[in-house]
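S.K.: Attaching a single structure in structure tokens format; questions to follow.
The values are calculated or read from the model by the stated rules, or taken from the named source; none is laboratory data. What you see is a predicted model; the values in this text were computed from it and never measured. When we count neighbours, we look across all protein chains shown, and the Cβ atoms used for this are built from the backbone with ideal geometry, even at glycine.
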Amino acid sequence: MEQISQPKNRVDGRAKVTGQAKYCNDIEVDNLSYGYLLSATITKGKIIEIDTEEASNQKGVIKIFTHLNMPRLYKTGTRVSAFLPSDDSGQQTHVPLQDENIYYDLQYVALVVAETFEIAQEAAGLIKVLYSKDPVFFEEHPNPEKGEELELLYEVVEGQYERGEPDKAFSDSTVKIEREFTTQTMHHNPMERHGTTAIWDNDFVTIYEPSAWVFGHRKGVSEMLGIPQEKVRVISTYVGGAFGGKGLTAPHTAIAAVAAKETGRPIRMELTRKQLFGVVGFRSATYSKVKMGAEKDGTINVVDIEATAEAPSFQNTIYETTVMSPRHMYNNKHMRANMMAARNYISGSVPMRSPGESSGMFLLESMIDELAYEVDIDPIEIRRKNNAEINLDFNIPWSSKYLMECFDKGAEKFGWKNRNSKIGSMRKNGMLIGYGVASSTYPTLRVAASAKARLNEDGTLEVLSATHEIGTGTYTIVSQIAADAMSYPIEKIKAKMGDTVYPKSPPSVAGFTVASTGTAVMEVCNKLKDYLIELAVLDPQSPLYKKDANAVQVSKGVMTLGNDTDSFVAVVKRSQRRFIETSVDSAPGPDRFKYSSYSFGANFVEVEIDPITCWAKINRVVGVYDAGKIVNPKTAHSQLVGGCVFAIGMAMQEATERDLTTGRYINADLGGYHMPVQADIPDLDLSFLPYDDKKANPLAIKSVGELGGVGLQAAIMNAIYHASGVRLRSLPYKPEKLLGMTIT
């Protein structure tokens with residue numbers, strides 16, 4: 001039986017639930033020391049004096065590092081996004097513990113190294129720091145008047161984009177809508193906190209780090225330490241939650257490595273939950289002005305977006321690229337999509353699940369809904385009317401697109417025909433009921449990746465690639481792809497990943513993994529299979545000697561032609577080698593830009609609102625998605641669920657609150673930062689359409705992981721409007737935002 005498209009259990013599932021799976025801070029290391037980072041208590045200013053004497057005298061303290069004695073760390077020479085197919089890395093150009101200057105809340109000011117974590121933490125509390133505080137002024141949302149234009153987004157796509165004549169098209173439109181939208185600062189808060197274990201062997205350092213990009217981390221560390229990449233090894237076999245937050249190199253990694261070098265001891269350093277709100281990144285808040293011009297029949301003429309995201313004072317890099325998805329989504333011939341960065345005293349942002357698509361599709365799908373009510377057309381039908389038959393952003397055809405089929409199937413499952421279009425007209429048990437819809441989209445990107453396949457004499461097939469298991473089921477999917485390509489039993493396959501000694505692979509972000517590394521795995525296993533057949537037909541000891549290699553059939557590692565059979569394992573044993581292996585460097589060909597490959601989806605939401613308290617609750621979600629061939633329906637469905645939970649959190653609960661007078665985060669913990677829990681998540685009816693996409697890549701797959709988190713935010717807000725008559729254009733929802741509703 002073919003393994004691809006089967007709902008296989010995770011091959012690493014038992015190891016995870018029994019504790020056998022080793023995460024980075026589970027690794028046993030001899031003579032280990034522990035580090036604790038002390039964070040600043042101001043947002044902007046200077047360190048006037050730092051007194052470490054009392055802390056240094058505590059029993060068990062090995063050494064304390066401050067800007068006065070920390071060896072030189074170097075600024076990262078590259079700040080390229082983790083979304084690019086290169087090994088460039090680096091989270092931010094500012095490196096802490098190098099001078100007295102403070103640029104953002106929770107910036108590191110000292111590192112205590114001790115015999116135990118508890119000693120290090122207690123000693124850090126004894127360090128006395130005197131600051132000179134500079135005044136700061138924060139606004140509720142990024143200010144476009146302070147925004148700087150970005151020439152490129154992710155170094156590859158225009159940050160200032162225009163097609164057609166947007167100003168004239170808007171002026172000539174019969175229906176004109178102008179609105180403002182805001183999205184909030186959000187933090188990742190993974191179950192596994194960021195941390196580093198650093199071990200030196202002469203001039204070679206091994207780093208254990210929860211990472212979604214080990215080769216990117218290797219370069220980032222080598223740059224900050226000023227040593228060749230070949231002197232750095234990064235290992236990350238399991239990651240306890242990444243979704244963007246562990247893709248780029250954060251300064252604490254290099255700080256730990258330097259401390260281990262200076263003390264001559266391996267060191268383990270884990271950030272506190274509060275420190276995760278500091279220097280390891282977040283989703284930037286955004287402010288957008290949006291104009292849409294259309295005709296009375298619902299035809300969209302123009303979409304004009306001026307978006308601004310917050311950026312740190314020391315660089316204008318942003319990742320919440322709000323303007324990208326709206327550029328291709330609908331058939332408007334006229335478009336302006338400009339992205340700006342407004343600098344302030346914050347640390348560097350990083351990608352967070354569906355970075356840019358989440359905020360961009362929120363505002364676009366909200367505007368589409370407003371237009372539907374303005375011209376009195378069903379929200380699904382107005383999307384059908386404006387469906388883009390080609391990608392107008394690049395003026396090329398889609399590799400496949402079944403968006404309207406998603407809406408058709410979703411509407412049937414959801415019962416959209418039962419919707420009364422009148423605002424506030426639907427009731428149940430005294431509650432206001434609202435229905436909302438929105439589209440979803442996410443790019444499918446294939447980039448260069450390498451892999452190695454090794455058949456051992458004991459019959460195990462090892463598949464090696466420096467990709468990552470960030471909780472998405474990569475070990476399982478790689479095993480499924482290898483099993484089908486090699487025609488080999490899946491239970492004898494062992495995927496090895498998350499280590500820079502393995503063949504190079506791109507970051508596990510943006511849906512890269514299956515399209516890129518999965519294709520490399522398929523190609524290397526095909527290559528090994530062909531090689532083993534070739535060795536058999538050339539071997540006088542093989543029953544297949546001098547047979548036609550092209551006619552040989554393979555099933556479960558057994559080669560057959562007529563009545564003659566041989567096995568892959570027998571070929572290895574007769575070779576008098578311990579294993580036979582092949583490797584490939586896989587990359588898309590010159591026709592990679594012939595088609596535009598995106599996943600699509602339709603989101604349906606029902607909400608209920610208490611007319612007295614204005615408390616809104618999501619009753620159910622129906623999602624139907626066009627994502628090509630599904631390698632593993634079970635893990636893919638889990639990814640959709642995770643994306644939906646992310647979107648519900650962004651829409652209904654999550655926001656990192658900042659004291660505008662000090663710039664400090666006031667809910668930097670899991671008590672104040674409200675994430676959705678089980679009771680907040682309704683019934684999720686999520687499904688895929690059964691269509692492959694052979695033009696997208698050799699596996700005929702499209703991206704899944706980010707897709708569930710895109711557009712659902714707008715569907716929720718559209719449902720709230722249908723129920724209450726109040727249009728929420730600022731996330732997240734709060735009951736007080738509905739207090740002005742007149743429907744009771």
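S.K.: Across segment 532-559, what is the total count of residues that are crowded, with 16+ Cβ neighbours inside 10 Å and among the hydroxyl-bearing types (Ser, Thr, Tyr)?
M.R.: Qualifying residue count, segment 532-559: 1.
S.K.: Checking the structure you have, find out if any residue of segment 318-328 is under 21 Å from GLU180 (Cα atoms), assigned to a loop (DSSP other than H, G, I, E, B) and among the acidic types (Asp, Glu). Full working, then the answer.
M.R.: Keep residues of segment 318-328 that are under 21 Å from GLU180 (Cα atoms), which gives 318-328.
Filter once more, so that each one left must be assigned to a loop (DSSP other than H, G, I, E, B): 318-325.
From what is left, the residues that are among the acidic types (Asp, Glu) are 320.
There is at least one residue in segment 318-328 that is under 21 Å from GLU180 (Cα atoms), assigned to a loop (DSSP other than H, G, I, E, B) and among the acidic types (Asp, Glu).
S.K.: Here's another thing I want to ask about it. Within segment 130-137, is there a residue that is surrounded by 15 or more Cβ atoms within 10 Å (Cβ to Cβ) and assigned to a loop (DSSP other than H, G, I, E, B)?
M.R.: Applying the first criterion (surrounded by 15 or more Cβ atoms within 10 Å (Cβ to Cβ)) to segment 130-137 yields 131, 136.
Next, only the ones that are assigned to a loop (DSSP other than H, G, I, E, B) stay: 136.
Among the residues of segment 130-137, at least one is surrounded by 15 or more Cβ atoms within 10 Å (Cβ to Cβ) and assigned to a loop (DSSP other than H, G, I, E, B), which makes the answer yes.
S.K.: Another one. Consider ASP585 carefully, then state whether it is surrounded by fewer than 16 Cβ atoms within 10 Å (Cβ to Cβ) and touching a Phe, Trp or Tyr at 6+ places or on another chain (Cβ under 9 Å).
M.R.: Values: surrounded by fewer than 16 Cβ atoms within 10 Å (Cβ to Cβ): yes; touching a Phe, Trp or Tyr at 6+ places or on another chain (Cβ under 9 Å): no.
Answer is no for this residue.
S.K.: Among the residues of segment 376-423, which ones are of a type in the set (Val, Ile, Thr) and part of a helix (DSSP H, G or I)?
M.R.: Going through segment 376-423, the residues of a type in the set (Val, Ile, Thr) turn out to be 377, 380, 382, 390, 396, 423.
Passing the criteria: ILE380, ILE382.
S.K.: Got a sec? Which strands (runs of 3 or more DSSP E) wholly within segment 544-648 have at least 1 residues that are in contact (Cβ under 8 Å) with a residue 40 or more places away in the chain and hydrophobic (A, V, I, L, M, F, W, C)? I'd like the intermediate steps shown before the answer.
M.R.: Working: elements: 553-555, 558-561, 564-567, 579-586, 598-609, 616-626.
The qualifying strands (runs of 3 or more DSSP E) are 553-555, 579-586, 598-609, 616-626.
S.K.: What number of residues in segment 662-690 are surrounded by fewer than 19 Cβ atoms within 10 Å (Cβ to Cβ), in contact (Cβ under 8 Å) with a residue 60 or more places away in the chain, among the aliphatic types (A, V, I, L, M) and not in a loop (DSSP other than H, G, I, E, B)?
M.R.: So the count comes out to 1.
S.K.: Sticking with this structure for a sec: What do you reckon, is GLY298 touching a residue at least 12 places away in the same chain (Cβ under 8 Å), more than 24 Å from VAL156 (Cβ to Cβ) and surrounded by fewer than 24 Cβ atoms within 10 Å (Cβ to Cβ)?
M.R.: On the way: touching a residue at least 12 places away in the same chain (Cβ under 8 Å): yes; more than 24 Å from VAL156 (Cβ to Cβ): yes; surrounded by fewer than 24 Cβ atoms within 10 Å (Cβ to Cβ): yes.
So GLY298 passes the test.
S.K.: Further question on the same structure: List every residue pair whose Cβ atoms lie under 6 Å apart, where the two residues are 6 or more positions apart in sequence or sit on different chains, the first residue falls within segment 474-487 and is touching a residue at least 12 places away in the same chain (Cβ under 8 Å) and under 17 Å from ILE580 (Cα atoms), and the second residue, located anywhere, is in a helix (DSSP H, G or I) and not basic (Lys, Arg).
M.R.: Listed pairs, sorted by first residue: ALA482/VAL521; ALA482/CYS525; ALA483/ILE490; ALA485/MET522; ALA485/CYS525; ALA485/ASN526; MET486/CYS525.
S.K.: While we're here: Among the candidates TYR373, TYR435, single out the residue that is in a helix (DSSP H, G or I), more than 30 Å from ALA466 (Cβ to Cβ) and hydroxyl-bearing (Ser, Thr, Tyr). Before you say what the answer is, go through the steps one by one.
M.R.: Numbers: TYR435 fails: in a helix (DSSP H, G or I).
Only one candidate qualifies: TYR373.
S.K.: Something else about it: Got at least one residue in segment 413-425 being in contact (Cβ under 8 Å) with a residue 60 or more places away in the chain, out of contact with any strand residue (DSSP E or B) (no Cβ under 7 Å at 6 or more places or on another chain) and more than 15 Å from ASP378 (Cα to Cα)?
M.R.: no
S.K.: If I filter segment 451-470 down to residues being under 30 Å from VAL710 (Cα atoms) and hydroxyl-bearing (Ser, Thr, Tyr), which single residue comes out as modelled with the highest pLDDT? Step through it out loud before you land on a result.
M.R.: In the first step, residues of segment 451-470 are kept if they are under 30 Å from VAL710 (Cα atoms); the result is 465-470.
When the remaining residues are screened for being hydroxyl-bearing (Ser, Thr, Tyr), the result is 465, 467.
Working: SER465: 97, THR467: 94.
Ranking the candidates gives SER465 first.
S.K.: Taking segment 21-42, which residues are part of a loop (DSSP other than H, G, I, E, B), touching an Asp or Glu at 6+ places or on another chain (Cβ under 9 Å) and polar (S, T, N, Q)?
M.R.: THR41
S.K.: Which helices (runs of 4 or more DSSP H) does segment 160-268 wholly contain that include 3 or more residues that are crowded, with 18+ Cβ neighbours inside 10 Å, at pLDDT 95 or above and over 19 Å from the mean Cα position of the chain (by Cα)? Spell out how you get there, then give the answer.
M.R.: Working: elements: 166-172, 214-225, 251-263.
So the answer is 166-172, 251-263.
Yes/no matrix, rows are residues, columns are (1) in contact with a Leu (Cβ under 6 Å, 6 or more places away or on another chain); (2) surrounded by fewer than 24 Cβ atoms within 10 Å (Cβ to Cβ); (3) among the charged types (D, E, K, R):
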{"site": "TYR330", "(1), (2), (3)": "no, yes, no"}
{"site": "MET339", "(1), (2), (3)": "yes, no, no"}
{"site": "ARG343", "(1), (2), (3)": "no, yes, yes"}
{"site": "SER349", "(1), (2), (3)": "no, no, no"}
{"site": "GLU357", "(1), (2), (3)": "no, no, yes"}
{"site": "MET367", "(1), (2), (3)": "no, no, no"}
{"site": "TYR373", "(1), (2), (3)": "no, yes, no"}
{"site": "LYS385", "(1), (2), (3)": "no, yes, yes"}
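S.K.: Could you tell me whether LYS291 is closer than 23 Å to SER358 by Cα, charged (D, E, K, R) and at pLDDT 95 or above?
M.R.: Values: closer than 23 Å to SER358 by Cα: yes; charged (D, E, K, R): yes; at pLDDT 95 or above: yes.
Yes, satisfied.
S.K.: Of the residues in segment 99-125, how many are in a loop (DSSP other than H, G, I, E, B) and surrounded by fewer than 18 Cβ atoms within 10 Å (Cβ to Cβ)?
M.R.: Initially, segment 99-125 is screened for residues in a loop (DSSP other than H, G, I, E, B), giving 99-100, 103-107, 115-116, 125.
Keeping just the survivors that are surrounded by fewer than 18 Cβ atoms within 10 Å (Cβ to Cβ) gives 99-100, 115-116, 125.
Of the residues in segment 99-125, 5 are in a loop (DSSP other than H, G, I, E, B) and surrounded by fewer than 18 Cβ atoms within 10 Å (Cβ to Cβ).
S.K.: Then there is this: Name the residue that is farthest from GLY356 (Cα to Cα), counting only residues in segment 422-450 that are in contact with a helix residue (DSSP H, G or I) (Cβ under 8 Å, 6 or more places away or on another chain) and among the hydroxyl-bearing types (Ser, Thr, Tyr). Even if it seems obvious, please write down each step before you answer.
M.R.: Of segment 422-450, the ones in contact with a helix residue (DSSP H, G or I) (Cβ under 8 Å, 6 or more places away or on another chain) are 423-424, 426, 432-442, 444-450.
Keeping just the survivors that are among the hydroxyl-bearing types (Ser, Thr, Tyr) gives 435, 439-442, 444, 450.
Details: TYR435: 25, SER439: 15, SER440: 13, THR441: 11, TYR442: 10, THR444: 15, SER450: 29 Å.
The selected residue is SER450.
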